[in-house]
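Comments concern the structure below.
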Amino acid sequence: MGNIDIYSTVAWSAGAGCHGGCGQMLHVQDGKMVKIEGDESHPFNQGRSCPRVLALTQYMYHEDRITQPMKRVGERGSGKFEPISWDDAFDYCEAEMNKIKNQNGPESIVFAQGTGRDIGGPISFLAYSYGSPNWVQLGLSGQSCYTPRLGAMKAVQGDFGVSDCSQFLEKRYDDPEWEVPEVIIVWGQHPPNGCPDAFFGHWIVDCMKRGTKIISMDPRNTWMTGRSEYHLKLRPGTDGAMALGMLNVILSEGLEDKEFCGKFVHGLSELKERAVEYPVERVAEITGVPAEDITEAARFFANAKRASIHWGVPIDMCPDGTSVAHGIICLWAITGNIDIPGGQVIARPSHEVSSYPYSTEALVDLYGEELVKTLTEKRIGADAYKMVKNFRGWAQPDMVIDQIMTGEPYPIKGAWIQTANVLGGQAARANFHYEALKKLEFVAVVDLFYNPTIMALADIVLPSSTFPEKDSFRSWWAPLSIIKKRVQVGDCKTDWEINFELAKRFNPEGTQRWGSPMEYFNERLAPSGKTFKDMEEAGGWLMPEDGPAKPYRRHERGLLRQDGEPGFNTRTGKIEVYCTAYEDWDLDPLPFYTEPPQSPVSTPELHEKYPLIMITGARSQLFFHSEHRGIPWLREKEPDPYVEIHPETAADYDVYDGEWIYLKNDLGKVKRKVMITKRVKPTEIQTLHGWWMPEQEGAEPNLFGVWDYQINQLVPGPQESQSGFGGGQYKTTLVTLEKINEGAQANG
Ligand SMILES: Nc1nc2c(c(=O)[nH]1)N[C@H]1C(S)=C(S)[C@@H](COP(=O)(O)OP(=O)(O)OC[C@H]3O[C@@H](n4cnc5c(=O)[nH]c(N)nc54)[C@H](O)[C@@H]3O)O[C@H]1N2
Ligand SMILES: Nc1nc2c(c(=O)[nH]1)N[C@H]1C(S)=C(S)[C@@H](COP(=O)(O)OP(=O)(O)OC[C@H]3O[C@@H](n4cnc5c(=O)[nH]c(N)nc54)[C@H](O)[C@@H]3O)O[C@H]1N2
Ligand SMILES: [Mo]
């Protein structure tokens, strides 16, 4: 046995699964990774790791890992695949995709990704090189993951913002410029479990240890809510009303930061008029939270010198998520908590590096004018929703699947699926997605393990790599990091390598200046003044330097606007609580509240039949969405899909702890194991999504048991938001319980 060498890299994508950013030390012996641990010198995680990273050796060298390109040989769904060479695999994809392009046009293939991994760069590179504007988070109803919050921030304040936990400063908590936030509202988030959106969850805990007090906005009891000063247990999906109620308290009591508002807030009087429509008594009735708790929490937040709001995906999953986010932004804006130490800090990519080009000029240069025209003219959803047209560049997921089903206004014939388990976890209306996607002529999936989506649909499967197996880079906020390849497993290639090869075949002219992905990386990294190699030599990461990407008070120093004037990066130069961009997009320029599409209030009859509000997908540390069910160290800690049920509800339905039952509504029924717990209220239940059983038969009709356990069969769609963003009904589905053994409806 050779020596063990220890290398550093940064975790992102396959392996941990997550939104990434943690520095890791890889212990490598004879070309094989034998152990991994957190890198204590890395400012992001400071040595800490999650269970999924710690189990990475089991993931990388798992016997089920796909390590060669596989081509389907039997019928679709038969689960019969045969290994082929990479050359043959690329030739096959090229030929099949060109066939569709010639017959139907390049827009007839959709390029589907999952959540925010290291995929935006490679998948847009391939989609646009091929000529399709239809890059989409396929199945994610309402594109309800961060996009609504990001879109709202961009529109209202011209920039993105996050809770300031010193993450933009190299010395972190020891930096003299940083100040501890007095209060953080943790709103629809469970930071220790998820670390979403380039935010390390334990930063909040680090702040708590230094004195930060927490207000929790969560229908459930969690580790975090138990340590909060205030815990407002609102009814799922009523966050928009809660934000307006708190705005009402602050504005009617004159607790806003008058100096900041006078200088930097546009439309305060209009906001006041809107907030008046939401007196706390009304909000108490909507949300189920006592009026005095709302009032006290609002005062506690507004009276703090430094406060911020850390928010999660349930905000996006509220109907009109972009408006809910708008209301919450108003809270930090009118209290002057933006761009100050310990407040909401403006987040820009370090050194202005991005993994793919955004500007029209750069897009035309790389992909040609024809493609760029289709981004507004043919991209699905751009016509229907001005916000979708003007923000982010993705097709609207609910409309994509409807179009696959109907063929209107033009047919969709193929899908390139990379980093998404559409049928196993991402899509609401899972059965509808199954039916629609079955109609496609060509489906390629790039993944690491067989899953229900591959089994049901794939014509070809291309094996991708985990983060220790790849070269890549990461520019999502700070630090700017490189991901450095240290080992190789089987014949796996990275997403960049796979897409780069095919992109060159489809767009030889636009891509000719790069001979390898590394040459492309160096071009993207250029704004930092460093090459990949330079960064490697400098330790692998760079913290922001003084300028637009580094806090604080950039709005006072004229660092946020193109014209160099003080103020924010909006049309008026102010934070637009009355939002002129929303006005342009035919949306209400002020925050408002909409009741969830299914709820005791909006559908009382349905509620009578299905009296439980089902929250799905409160994150488990052990699994990333539908992943990791086959990793022994992780699965043994959480072997079965359980549903959290309050003791009173369990008694009403006569079910016992550990009993297998069905959760049921008009869309179907799904198996769960009862966990009796006071984590939830009697009126609500909670269960994790993404369940399938890798140990079961994968071929049709079983598809790894997905139809027994996949909760998204019960989640309805499409979204009904006005902006096209937000409103996936993942947290507000109405269901009932049914006993399995007796077959009959339980009482209740
Ligand atoms: N009921 C319910 N459903 C939900 C949610 C919920 O709260 N409730 N949450 C929704 C949200 S917010 C999101 S973002 C979606 C996420 O949905 P997805 O992103 O589709 O989630 P995963 O199950 O992680 O599927 C990712 C697939 O990509 C593969 N993969 C992972 N990393 C890589 C990589 O680096 N390269 C390649 N090629 N493949 C990789 C994995 O093996 C897996 O098969 O799910 C949504 N679904
Ligand atoms: N380990 C792990 N980490 C992950 C993921 C994973 O699957 N596993 N997924 C990643 C992805 S893509 C995302 S989007 C994030 C999501 O992670 P988060 O943004 O934290 O979202 P959730 O875990 O869905 O829910 C967080 C809390 O919100 C509460 N909640 C539910 N409904 C509502 C509501 O209507 N209003 C309010 N205010 N609260 C509500 C839940 O009870 C829960 O405690 O996590 C990311 N990180
Ligand atoms: Mo997400």
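The values are calculated or read from the model by the stated rules, or taken from the named source; none is laboratory data. In this text the structure is predicted, and so the values were computed from the model without any measurement. Glycine gets a Cβ as well: all are built from the backbone with ideal geometry, and neighbour counts include every protein chain shown. Heavy atoms of the whole protein, side chains included, go into the accessibility calculation; ligands, DNA and RNA do not. Shrake-Rupley method; radii C 1.70, N 1.55, O 1.52, S 1.80 Å.
List of remarks:
Results for (1) assigned to a loop (DSSP other than H, G, I, E, B); (2) within 16 Å of ligand 1 (Cβ to nearest atom); (3) farther than 30 Å from residue 456 by Cα, shown as yes or no for each residue.
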site: 2; (1), (2), (3): yes, no, yes
site: 6; (1), (2), (3): no, no, yes
site: 24; (1), (2), (3): no, yes, yes
site: 45; (1), (2), (3): yes, no, yes
site: 77; (1), (2), (3): yes, no, no
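- Residue list for segment 130-145, filter: more than 12 Å from ligand 3 (Cβ to nearest atom) and open to solvent by 10 Å² or more (accessible area, probe 1.4 Å): 131
- Candidate set: segment 561-606, residues that are under 30 Å from residue 665 (Cβ atoms) and more than 29 Å from the chain's Cα centre (by Cα); chosen: the one surrounded by the most Cβ atoms within 10 Å (Cβ to Cβ): 606
- Residue list for segment 618-658, restricted to those being more than 18 Å from residue 675 (Cα to Cα), among the hydrophobic types (A, V, I, L, M, F, W, C) and open to solvent by 40 Å² or more (accessible area, probe 1.4 Å): 633
- Some residue of segment 192-214 being in a strand (DSSP E or B), under 30 Å from residue 241 (Cβ atoms) and not hydroxyl-bearing (Ser, Thr, Tyr): yes
- Residue 350 closer than 30 Å to residue 506 by Cα and buried (at least 19 other Cβ atoms within 10 Å of the Cβ): no
- Residues of segment 331-378 classified as at pLDDT below 95 and not in a loop (DSSP other than H, G, I, E, B), total: 20
- The residue pairs whose first member lies in segment 58-73 and is under 19 Å from residue 36 (Cβ atoms) and at pLDDT 95 or above, whose second member is small (Gly, Ala, Ser) and not in a strand (DSSP E or B), and whose beta carbons are closer than 8 Å, counting only pairs six or more residues apart or on different chains, are 59/15; 60/15; 62/630; 65/490.
- Meets criteria (touching a strand residue (DSSP E or B) at 6+ places or on another chain (Cβ under 8 Å) and crowded, with 23+ Cβ neighbours inside 10 Å) for residue 503: no
- Residue under evaluation residue 68, criteria (1) buried (at least 17 other Cβ atoms within 10 Å of the Cβ); (2) more than 26 Å from residue 491 (Cα to Cα); (3) polar (S, T, N, Q), criterion not met: (2)
- The residues of segment 223-241 that are within 13 Å of ligand 2 (Cβ to nearest atom) and either free of Cβ contacts under 8 Å to residues at least 60 places away in the same chain or surrounded by fewer than 20 Cβ atoms within 10 Å (Cβ to Cβ) (or both), listed by number, are 223, 224, 225, 226, 228, 231, 233, 234.
- Filtering segment 160-191 to residues that are part of a loop (DSSP other than H, G, I, E, B), of a type in the set (D, E, K, R) and open to solvent by less than 10 Å² (accessible area, probe 1.4 Å) leaves only 164.
- Residue in segment 254-274 that is away from ligand 2 (no atom under 16 Å from the Cβ) and under 30 Å from residue 614 (Cα atoms) present: no
- Lone unmet requirement of (1) within 13 Å of ligand 2 (Cβ to nearest atom); (2) open to solvent by less than 10 Å² (accessible area, probe 1.4 Å); (3) not β-branched (Val, Ile, Thr) for residue 150: (2)
- Test: residue in segment 408-424 that is away from ligand 3 (no atom under 16 Å from the Cβ), at pLDDT 95 or above and among the β-branched types (Val, Ile, Thr): yes
- Subset tally (residues that are free of Cβ contacts under 8 Å to residues at least 40 places away in the same chain and closer than 23 Å to residue 223 by Cα) for segment 666-717: 6
- Counting only residues that are open to solvent by 20 Å² or more (accessible area, probe 1.4 Å) and within 16 Å of ligand 3 (Cβ to nearest atom), segment 289-336 holds 2 of them.
- Scanning segment 574-597 for residues that are closer than 30 Å to residue 647 by Cα and not acidic (Asp, Glu) turns up at least one hit.
- Condition check for residue 319: assigned to a loop (DSSP other than H, G, I, E, B) and over 20 Å from the mean Cα position of the chain (by Cα): no
Table: residues versus (1) more than 28 Å from residue 11 (Cβ to Cβ); (2) not in a loop (DSSP other than H, G, I, E, B).
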| position | (1), (2) |
| --- | --- |
| 578 | yes, no |
| 581 | yes, yes |
| 588 | yes, no |
| 591 | yes, no |
| 595 | yes, no |
| 620 | no, no |
| 625 | no, no |
| 628 | no, no |
| 651 | yes, yes |
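- Residue 449, sole failed condition from (1) near ligand 1 (Cβ under 8 Å from one of its atoms); (2) crowded, with 24+ Cβ neighbours inside 10 Å: (2)
- The selection criterion, being within 16 Å of ligand 1 (Cβ to nearest atom), assigned to a loop (DSSP other than H, G, I, E, B) and open to solvent by less than 10 Å² (accessible area, probe 1.4 Å), does not hold for residue 121.
- Residue list for segment 192-219, filter: away from ligand 3 (no atom under 16 Å from the Cβ), open to solvent by 30 Å² or more (accessible area, probe 1.4 Å) and touching a residue at least 40 places away in the same chain (Cβ under 8 Å): 202, 213
- Some residue of segment 432-439 being within 21 Å of the chain's Cα centre (by Cα) and basic (Lys, Arg): no
- Qualifying residues in segment 86-140 (those that are free of Cβ contacts under 8 Å to residues at least 12 places away in the same chain and among the acidic types (Asp, Glu)) - the one farthest from residue 388 (Cα to Cα): 87
- On the stretch given as segment 141-159, residues that are more than 16 Å from ligand 1 (Cβ to nearest atom) and not in a loop (DSSP other than H, G, I, E, B) total 6.
- Boolean, residue 413 is surrounded by fewer than 19 Cβ atoms within 10 Å (Cβ to Cβ) and basic (Lys, Arg): no
- In segment 659-682, the residues that are open to solvent by 30 Å² or more (accessible area, probe 1.4 Å) and either in contact with a His (Cβ under 6 Å, 6 or more places away or on another chain) or not in a strand (DSSP E or B) (or both): 666, 667, 678, 679, 681, 682
- Within the set 486, 392, the sole residue that is at pLDDT below 95, of a type outside the set (Ser, Thr, Tyr) and in contact with a helix residue (DSSP H, G or I) (Cβ under 7 Å, 6 or more places away or on another chain) turns out to be 392.
- Given (1) farther than 20 Å from residue 456 by Cα; (2) crowded, with 17+ Cβ neighbours inside 10 Å, index of the condition residue 706 fails: (1)
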